[in-house]
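Below: the structure, in structure tokens.
The values are calculated or read from the model by the stated rules, or taken from the named source; none is laboratory data. If you're wondering where the values come from, they're calculated on a predicted model, not measured in any experiment. Neighbour counts are summed over all protein chains in view; Cβ atoms, including those assigned to glycine, are modelled from backbone coordinates with ideal geometry. These accessible areas exclude ligands, DNA and RNA; they are computed on the full protein's heavy atoms, side chains included. Shrake-Rupley method; radii C 1.70, N 1.55, O 1.52, S 1.80 Å.
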Amino acid sequence: MLLSGRAFALVFGAPLLGALAAFAVPVAAASGRPTAAVAEGRVAGSLEDGVRVFKGLPYALPPVGARRWRPPAPPASWQGVREAHAFGPHCVQPPYPADSVYFEPPRPMSEDCLTLNVWAPRNAARAPVIVWIHGGALQHGGSASPMYDGREYAKRGIVFVSINYRLGIFGWLAHPGLSAEAPDRVSGNYGLLDQIAALEWVKRNIAAFGGDPANVTAMGESAGALSVTYLLAAPRAKGLFGRAIVQSTNMRAVPRLRDPAYGLPSAEAIGAAFAESVGAKDPAALRALDAETLTAAALRARFAAQPTIDGPLLPAQIVDVFDRGEQIKVPVLAGFNSGEVRSQRGLVPPVPADAAAYAAGATRRYGDLAPAFLRLYPASDMEESLIAATRDIVYGWAVERLVRQQTAAGAPSYLYLFDHCYDAARARKLCAFHASELPFVFGGIGRAAAQAANWPAATGDDDHRLARQMVDYWASFAARGIPSAVGAPGWRPYGDEEYFLELGASPVLRRDPMPGMFEFREEIMRRQRQRDEQWFVNTGPVDRE
């Protein structure tokens, strides 16, 4: 005799039902729609292109009202079958400028946004799992973007999960009053806590979709890559993932909770100044303000959404955690794009009047290291050199440092350089721009064009072949820790020989991606850290006259 979930609970007890739900095998609904039983209840998704898809699943209580600026709590249970065929709303955020390459049509937004989505093969059993963390400077984006469709991974035997997390002022505000009311006396990092809560939900529930909770890869791009990098430095995230894919991260200094450092005020001081700007004397007054008012005020105040070095969650700056060997030691697949800042031109300083002014600016900035700078970024093409130098300050050095240090810690890791260009990008001088690898990584070149008219679409046969190969590489790394692709070269770990995969029109295995770049940037960072200065792109790669 088969018992309903309610009858089972009455006979055997709700705790046992919850424990079994996390390991339930999906059962086809009478309608043919896929269903699954998670710890909180049953869900019904849909079949899309032969893939089981479940959208808008809550992984935490809504962070609204009194729960605004509090750590995420486990979601509530429900009776019956919950519909899971529509994405949840994006977390509250300001819009991208309409002319931005990253602009997407507006989507529903809400503070009640802590949901995730699952793409799973029809007959998955202990399948590898990828958890995707979207980018957007920690203040934009969401898992409903057409770019982030996980079907190509499901077709390769991966259970793919994408998540929302709190953004902007809602995800990253620290404040003395918020710290005082917290059990651990810290505040900020709510977005990072959301990501950890989502990973914990995956560990409890992913078996219900045929995924293996012991084989999870955390994956992100830009702010999502930064998030994965911080997860590697967060002791609380240990055991929640066994591999990491990191696309275009950085390793800048971020504020400490209560003390100034590296030219930055404390996170609590930043939060107190923001609260004063909106006339809020305490957390209750902040919580009384509506989301629209807070979002607009954060834009006016130029509030920087960023992690906080708080002690319990993030014990130290990223560079310090890795230098001390205290990071989570898992294999990493990481890389950056050759033209990263072509779509971030605000980071690039103006081109000097002539080569002499360029060299003088380098000398003022780097002193005895100016000759090394000029060798790496010569004055023969100042614009391209400044683009390359800015790329390396923000992304290149950080990515290679991550791969080097994971390798040194005994975790075989893989480095790539995305250097692919195509007609639409070339016409707009956007070759290999920041995030341009995403349509290839998701195997959704056509979806990139559908996402927004501003995105230069790749349409050629070479583009489609490269997309298939990149999904192969990423999926095989998640499955086995060794990236491989049909019809493409083997990808050797970075190792002592400094191997990397150049992803141009076709993948090519090479050595030492930019000779001398890492050593030069590392020395600059070392000196700036000794002087208690920010080593991120605060004034550009050369001093201005």
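Checked against (1) of a type outside the set (Val, Ile, Thr); (2) within 30 Å of ARG465 (Cβ to Cβ); (3) part of a loop (DSSP other than H, G, I, E, B); (4) in contact with a Pro (Cβ under 8 Å, 6 or more places away or on another chain), ARG107 meets all criteria but (2). Take the residues in the stretch 125-145 that are under 12 Å from the mean Cα position of the chain (by Cα) and assigned to a strand (DSSP E or B), then tell me which one is nearest to ARG243 (Cα to Cα). Restricting to residues being under 12 Å from the mean Cα position of the chain (by Cα) and assigned to a strand (DSSP E or B), the top hit is VAL131.
If the condition is being among the small types (Gly, Ala, Ser) and surrounded by fewer than 22 Cβ atoms within 10 Å (Cβ to Cβ), then the stretch 399-420 contributes ALA408, ALA409, GLY410, ALA411. Return the residue satisfying two criteria in turn: it lies in the stretch 197-244 and is outside any helix (DSSP H, G or I) and touching an Asp or Glu at 6+ places or on another chain (Cβ under 9 Å), and of such residues it is nearest to GLY410 (Cα to Cα). Filtering the stretch 197-244 for residues that are outside any helix (DSSP H, G or I) and touching an Asp or Glu at 6+ places or on another chain (Cβ under 9 Å), the one nearest to GLY410 (Cα to Cα) comes out as LEU240. Within the span defined as the stretch 370-381, every residue fails to be touching a Leu at 6+ places or on another chain (Cβ under 9 Å) and in a helix (DSSP H, G or I). Scanning the stretch 146-174 for residues being in a loop (DSSP other than H, G, I, E, B) and surrounded by fewer than 24 Cβ atoms within 10 Å (Cβ to Cβ) gives a total of 4. Please indicate, with yes or no, whether at least one residue in the stretch 271-284 is at pLDDT 95 or above, over 30 Å from ASN215 (Cβ atoms) and under 27 Å from the mean Cα position of the chain (by Cα). The answer is yes, given that some residue of the stretch 271-284 is at pLDDT 95 or above, over 30 Å from ASN215 (Cβ atoms) and under 27 Å from the mean Cα position of the chain (by Cα). Annotation note: Cβ proximity below 9 Å between a residue of the stretch 36-52 that is open to solvent by 40 Å² or more (accessible area, probe 1.4 Å) and a residue that is among the β-branched types (Val, Ile, Thr) (sequence gap 6+ or interchain) occurs for ARG42/VAL27; ARG42/THR35; ARG42/VAL81; LEU47/VAL53.
Consider ALA66 carefully, then state whether it is touching a residue at least 40 places away in the same chain (Cβ under 8 Å), more than 19 Å from the chain's Cα centre (by Cα) and closer than 26 Å to PRO213 by Cβ.
Details: touching a residue at least 40 places away in the same chain (Cβ under 8 Å): yes; more than 19 Å from the chain's Cα centre (by Cα): yes; closer than 26 Å to PRO213 by Cβ: no.
Answer is no for this residue.
From the list ILE169, ILE158, the one residue that fits, being under 19 Å from GLY242 (Cα atoms) and not charged (D, E, K, R), is ILE158. For the stretch 228-251, filtering for residues that are under 14 Å from ILE318 (Cβ atoms) and either among the aliphatic types (A, V, I, L, M) or at pLDDT below 95 (or both) leaves 9.
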